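**Student:** So that we are looking at the same thing, I have put the structure below in structure tokens.
The values are calculated or read from the model by the stated rules, or taken from the named source; none is laboratory data. Predicted model, so just to flag it, every value in this text is computed and none were measured. No Cβ is skipped: glycine too gets one built from the backbone with ideal geometry, and neighbour counts run over all protein chains shown. Protein only, heavy atoms only, side chains kept; ligands, DNA and RNA dropped before computing areas. Shrake-Rupley method; radii C 1.70, N 1.55, O 1.52, S 1.80 Å.
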Amino acid sequence: MKETPLSNCERRFLLRAIEEKKRLDGRQTYDYRNIKISFGTDYGCCIVELGKTRVLGQVSCELVSPKLNRATEGILFFNLELSQMAAPAFEPGRQSDLLVKLNRLLERCLRNSKCIDTESLCVVAGEKVWQIRVDLHLLNHDGNIIDAASIAAIVALCHFRRPDVSVQGDEVTLYTLEERDPVPLSIHHMPICVSFAFFQQGTYLLVDPNEREERVMDGLLVIAMNKHREICTIQSSGGIMLLKDQVLRCSKIAGVKVAEITELIQKALANDQKVRKEGGKFGFAESIANQRITAFRMEKAPIDTSDVEEKAEEIISEAEPPSEVVSKPVLWTPGTAQIGEGIENSWGDLEDSEKEAEDEGGSDEAIILDSIKMDTGEVSNIGSQDAPIVLSDSEEEEMIILEPDKNPKKIRTQTVSATQVKAPSKKPVKKRKKKRAAN
């Protein structure tokens, strides 16, 4: 997948902001983004976050045969991987020009600067040496990969511990971590890369460019330096011509930034070593902030429950007794009752459509009940006075059942339905309409 190009509006906006010495994330011209270093449970595993750029570093080792021309020196191997998880523009299984350039710059910064004593990695001259492999994985890309990768590589190497070995004659014994304490690597200095982005043919300068600033820059200058102000490597790309004064100014800025980053790395390593010695919790899971959902832990607050009963008695004694409320049934009509007085309707006010439907239903029921009363009056005159009357509550029809008297000839049932009652009320309306139409 190709990288999404910037529009002309975005490009002009970024360049205009740089001319006014403003940056999108609110930083000043020479400011670095926040650097966060977290360590894993194993030695030599770390994650470095430079703003939103994240790099995972992992160091491993094994005993191998040395090179023929360097029989007493160990082997250092660096590998940087750009996965699609970091940015969709990175293609898997293919070494892009950017990846080749970054790997070469890392080797020149860390291997050629002799920051690690390779002779201390020799076990048996000409036969067995330690091969140290540094794997760097880019987890998220937001610009300035080389600075984050160089910090992750040197932090992982400083944090790494190799197994201890002993040589007796031709026999080489490798001890586990439980048998003997692991041995740290011999590191002389810590080279760190600092990137400078130039805009409009070197007129404007920015430190630690992010991903959008890298798209509109004209050139890039990378200076690898240690805290002793010794330049380990320097590389310029982009095809711009830089003056001597510009390079000297960048080297002075790099010296200040490298000293700050080196102090941060040493503090992080000291804190991790202290936690491991005290037996505390360590690893990537412990570095997650407590406010996040993925923390899976809650702070426990101590609660004193010794005098709970006394406090409860005090609260009960000080509290006012509840008022005595006796509910009385209110009979509105025969056969109905209500418990309590002044109870509000919890269903809310009826809507207009529901009120109209209720009014129509009430008028229809009143007509039906009047007709039923008339019919029941006629039937009751025919039947006996002591005969019980049963009324059905069905919505479809209302039925009157009279118990049979001794004389079977006087048995009569009357069925009154809603349709039969409504039917006669509709006929005169139709006749009136026809008369009006005729007139």
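**Student:** Could you list, in sequence order, the residues of the stretch 41-94 that are in contact with a helix residue (DSSP H, G or I) (Cβ under 7 Å, 6 or more places away or on another chain) and in a loop (DSSP other than H, G, I, E, B)?
**Tutor:** Passing the criteria: 43, 44, 72, 73, 74.
**Student:** Then there's this: Out of (1) more than 36 Å from the chain's Cα centre (by Cα); (2) touching a residue at least 60 places away in the same chain (Cβ under 8 Å), what's the single condition that is false for residue 72?
**Tutor:** (2)
**Student:** Would you confirm, using the coordinates I've provided, whether residue 113 is buried (at least 16 other Cβ atoms within 10 Å of the Cβ) and not in a strand (DSSP E or B)?
**Tutor:** Values: buried (at least 16 other Cβ atoms within 10 Å of the Cβ): yes; not in a strand (DSSP E or B): yes.
Against the criterion (buried (at least 16 other Cβ atoms within 10 Å of the Cβ) and not in a strand (DSSP E or B)), residue 113 qualifies.
**Student:** Still on this structure, I have one more. Of all residues in the stretch 45-69, count the ones that are open to solvent by 70 Å² or more (accessible area, probe 1.4 Å) and either among the polar types (S, T, N, Q) or without any contact (Cβ under 8 Å) to a residue 40 or more places away in the chain (or both).
**Tutor:** Restricting attention to the stretch 45-69, the residues satisfying the condition of being open to solvent by 70 Å² or more (accessible area, probe 1.4 Å) are 52, 54, 62, 65, 67-69.
Now narrow it down to the ones that are either among the polar types (S, T, N, Q) or without any contact (Cβ under 8 Å) to a residue 40 or more places away in the chain (or both): 65, 67-69.
Total satisfying the criteria: 4.
**Student:** Which is open to solvent by less than 40 Å² (accessible area, probe 1.4 Å), among the hydroxyl-bearing types (Ser, Thr, Tyr), outside any strand (DSSP E or B) and within 30 Å of residue 25 (Cβ to Cβ), of 195, 150? I'd like the intermediate steps shown before the answer.
**Tutor:** On the way: 195 fails: outside any strand (DSSP E or B).
None of the other options fit; the residue is 150.
**Student:** While we're looking at this one, here's another question. With the structure loaded, tell me whether residue 89 is without any contact (Cβ under 8 Å) to a residue 60 or more places away in the chain, open to solvent by less than 80 Å² (accessible area, probe 1.4 Å) and not hydroxyl-bearing (Ser, Thr, Tyr) or whether it fails that test. So that I can check it myself, show each step before the final result.
**Tutor:** Working: without any contact (Cβ under 8 Å) to a residue 60 or more places away in the chain: no; open to solvent by less than 80 Å² (accessible area, probe 1.4 Å): yes; not hydroxyl-bearing (Ser, Thr, Tyr): yes.
Against the criterion (without any contact (Cβ under 8 Å) to a residue 60 or more places away in the chain, open to solvent by less than 80 Å² (accessible area, probe 1.4 Å) and not hydroxyl-bearing (Ser, Thr, Tyr)), residue 89 does not qualify.
**Student:** (1) touching a helix residue (DSSP H, G or I) at 6+ places or on another chain (Cβ under 7 Å); (2) polar (S, T, N, Q); (3) more than 22 Å from residue 64 (Cα to Cα): which one isn't true of residue 144, the others all being true?
**Tutor:** Going through the list (1) touching a helix residue (DSSP H, G or I) at 6+ places or on another chain (Cβ under 7 Å); (2) polar (S, T, N, Q); (3) more than 22 Å from residue 64 (Cα to Cα), residue 144 breaks only (1).
**Student:** Looking at (1) on the phi > 0 side of the Ramachandran plot; (2) touching a Pro at 6+ places or on another chain (Cβ under 9 Å); (3) not hydroxyl-bearing (Ser, Thr, Tyr), which is the only condition residue 114 fails?
**Tutor:** With respect to (1) on the phi > 0 side of the Ramachandran plot; (2) touching a Pro at 6+ places or on another chain (Cβ under 9 Å); (3) not hydroxyl-bearing (Ser, Thr, Tyr), residue 114 is out only on (2).
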